[in-house]
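I have placed the structure first, in the form of structure tokens, so that the comments after it can refer back to it.
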Amino acid sequence: MTNVDRTVAASAAAVFGDRLELAERFVGLLTEHGVERGLIGPREVERLWDRHVLNSAVVAEQMPQEARVVDVGSGAGLPGIPLAIARPDLQIVLVEPMARRVAWLDEVVETLGLTSVIVLRGRAEEPSIKDDVAGADVVTARAVAPLAKLCGWCLPLLRVGGRLVALKGSSAVEEIERDRQAVARLGGADPRVETCGADVLDTPTTVVVVDRVATTRRRTRKDQGAYRA
């Protein structure tokens, strides 16, 4: 790991272990192609390890062993690709609607030999996607949508007892207070804020966790308003 802060390098070694080389190759691909392919902004190149890759990988703390995980709106492969590298026991589906990003994800999966990962083109709310991934143990998403809207898309993909793990920033508590009732109507338990990677990252990753406790009932007009939030 050249041109990387020692603290970040130590964190990467702790998170990825003997699969660190795969993580380095992923960062290399993003560094080489991410900006030109519209996957990341130019200013993000220097922050790929701490802001994106490690930030995503530590969410593995929320994943049971051998879980079926769906990454909704995967984009550049975050958090799904770092999770797959850190936790090869996970079966991960990357769901992404944009063709050029799907092409990128297919290339990354093939280049890195991530046999536990498949890529699906589509949106989480589409019937075909629901049919393909229904009954997941975990659904995760990073910077995709406000909490109520995200729950409307993601909770139906989970088995009862599964969990949504949404990577959030400083707005997490505010989103929970605003959307708590909508989440309950959509079949989710009381949302909670948790942190991941506190023992390896200077700035731990903030996630909102919502357990699915009931089947999603038919949406009302009031619920639909939450989707537009």
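Numbers at a glance
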quantity	calculated
Test set (1) over 22 Å from H33 (Cβ atoms); (2) assigned to a helix (DSSP H, G or I) - V108 fails condition number	(1)
Restricting the range 108-130 to residues that are of a type in the set (D, E, K, R) and free of Cβ contacts under 8 Å to residues at least 12 places away in the same chain, the residue that is surrounded by the fewest Cβ atoms within 10 Å (Cβ to Cβ)	E110
Among the residues listed as R178, R101, the single one being under 17 Å from the mean Cα position of the chain (by Cα) and open to solvent by 40 Å² or more (accessible area, probe 1.4 Å)	R101
Single residue of the range 131-157 satisfying the filter (of a type outside the set (D, E, K, R), touching a helix residue (DSSP H, G or I) at 6+ places or on another chain (Cβ under 7 Å) and in a helix (DSSP H, G or I)) that is most open to solvent (accessible area, probe 1.4 Å)	P156
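Here is a yes/no grid of residues against (1) over 14 Å from the mean Cα position of the chain (by Cα); (2) surrounded by fewer than 21 Cβ atoms within 10 Å (Cβ to Cβ); (3) outside any helix (DSSP H, G or I):
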{"position": "T7", "(1), (2), (3)": "yes, yes, no"}
{"position": "S11", "(1), (2), (3)": "yes, no, no"}
{"position": "A23", "(1), (2), (3)": "yes, no, no"}
{"position": "V45", "(1), (2), (3)": "yes, yes, no"}
{"position": "V59", "(1), (2), (3)": "no, no, no"}
{"position": "S74", "(1), (2), (3)": "no, no, yes"}
{"position": "I81", "(1), (2), (3)": "no, no, no"}
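The values are calculated or read from the model by the stated rules, or taken from the named source; none is laboratory data. Note that the structure is a prediction, hence the values are computed from the model and not measured. Positions of Cβ are backbone-derived with ideal geometry, glycine not excepted, and every protein chain shown enters the neighbour counts. Surface accessibility is based on the protein's heavy atoms, side chains included, excluding ligands, DNA and RNA. Shrake-Rupley method; radii C 1.70, N 1.55, O 1.52, S 1.80 Å.
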